[in-house]
Amino acid sequence: MIVVLDSGCSLKQKASVVRFIERRGGRLLVSEIGEETHIGLIGTEAQSLAGEIESMPGVAELRAIAAPYPQVSRDHHPENSEVRVGDVRIGGTEVVVMAGPCAVEDEDQLAAVGEVVARFGARMLRGGAFKPRSSPYSFQGLGEEGLVLLAEVREQTGLPVVTEVVAPEDVDVVGKYADMLQIGARNMQNFRLLSEVGAQSRPVLLKRGISSTVEELLLAAEYVVSAGNPQVVLCERGIRTFETTTRNTLDISAVPVLKRKTHLPVIVDPSHAAGERSLVPHLAGAAAAAGADGIIVEVHNNPESALSDGKQSLTLDGFETMMVQLRRIATAVDRHIETRQTYKPIDLARTLPTWEGSVGTNAIKGRKQACNIAAEHA
């Protein structure tokens, strides 16, 4: 329910309405929309208070919120929201590109990929340290060791890190290293996990479940926001249908539908939708044309030997080609993609952050190889 205050409502009357709702245990959000002051009343107690609120001085009218996800709905927040991750703004005029390997495997791999995607215009580094896999025998990630490597490459490239958290008990440790926490498709309705990431301060990237509706995605986002964290970015990553020629079916219509229903930014993951690297640039272009605020793609320096999702991972050259195409499409729809970032040579004398364990393979060797690979693709 939305309480609309009269245009001549005094500050004292406004405060009286707010105090009344709070004393009765109501949860509220106050916002200025045009020339109107709205007090959004959230929760099951809203209707029970309606009669008393409607008769209070300064109240013009009550409006019902049709959506079951009031805090992420445009009903109460008609303007687009921007989510900041470091110096990156998601939800503005820029189409933000997040890129990196599906799984962090070792220092050589991550450093090589990180330097190259930064060079060609990626704004954030993605990489999985904890990997929920369908098979218990598949590579499950390096855990905290992988987080340390992500933090290392962030320091070298300047790219904020987005990585997945798979369990409520891991939120604190992942948040210690990452700039943005990802909730994967398999965990979209892990409500304890949603509430846990909502209780911390890092921005959240929430992926649509494999068989979830748009409304279920928005309700999952409501869990995060209602727990106190409004910094949520939604991700369409393809859904399971009867079609078998692609790994999933990219629901490109979900982008404009979500943009109509919610003020939260919306990005697309063409890698998991396609399952085949040759299709990824086409789906990425379709996402940008449909109005997506960003793209998250998998990139590997040697996809044939990747421990996870090599078939759908772009090569370093393939990522460069895709970025050229994406810039053209973004320009055509009055958006933009950042140009190449200034290359930051790796300081071979630096040491890795402290962690109780060995990190990657030969640190100095890895940094040298990363420099060489990045230079070849300049």
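Structure above, values below:
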item: Single residue of the stretch 291-315 satisfying the filter (closer than 15 Å to residue 280 by Cα and over 21 Å from the mean Cα position of the chain (by Cα)) that is surrounded by the most Cβ atoms within 10 Å (Cβ to Cβ); result: 303
item: Helices (runs of 4 or more DSSP H) within the stretch 74-192 that include 3 or more residues buried (at least 24 other Cβ atoms within 10 Å of the Cβ) and of a type in the set (A, V, I, L, M); result: 107-119, 144-157
item: Verdict on residue 60 being outside any loop (DSSP other than H, G, I, E, B) and under 30 Å from residue 150 (Cβ atoms); result: no
item: Residue under evaluation residue 254, criteria (1) of a type outside the set (Val, Ile, Thr); (2) at pLDDT 95 or above; (3) within 22 Å of residue 105 (Cα to Cα), criterion not met; result: (3)
item: Residue check for residue 44: among the hydroxyl-bearing types (Ser, Thr, Tyr), at pLDDT below 80, within 33 Å of the chain's Cα centre (by Cα) and closer than 24 Å to residue 228 by Cβ; result: yes
item: Considering residues of the stretch 249-290 that are surrounded by 23 or more Cβ atoms within 10 Å (Cβ to Cβ) and of a type in the set (Ser, Thr, Tyr) only, the residue farthest from residue 162 (Cα to Cα); result: 262
item: Residue selected from the stretch 334-357 under the condition surrounded by fewer than 12 Cβ atoms within 10 Å (Cβ to Cβ) and among the hydrophobic types (A, V, I, L, M, F, W, C), by the criterion modelled with the lowest pLDDT; result: 348
item: Evaluation of residue 74 against (1) closer than 30 Å to residue 311 by Cα; (2) of a type outside the set (A, V, I, L, M, F, W, C); (3) not assigned by TED's automatic domain parsing to the domain that holds residue 182 (one fails), failing number; result: (1)
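The values are calculated or read from the model by the stated rules, or taken from the named source; none is laboratory data. This one's a predicted model, so the numbers in the text were calculated from it and none came from an experiment. Cβ coordinates were reconstructed from backbone atoms using ideal geometry, including for glycine residues, and neighbour counts include every protein chain displayed.
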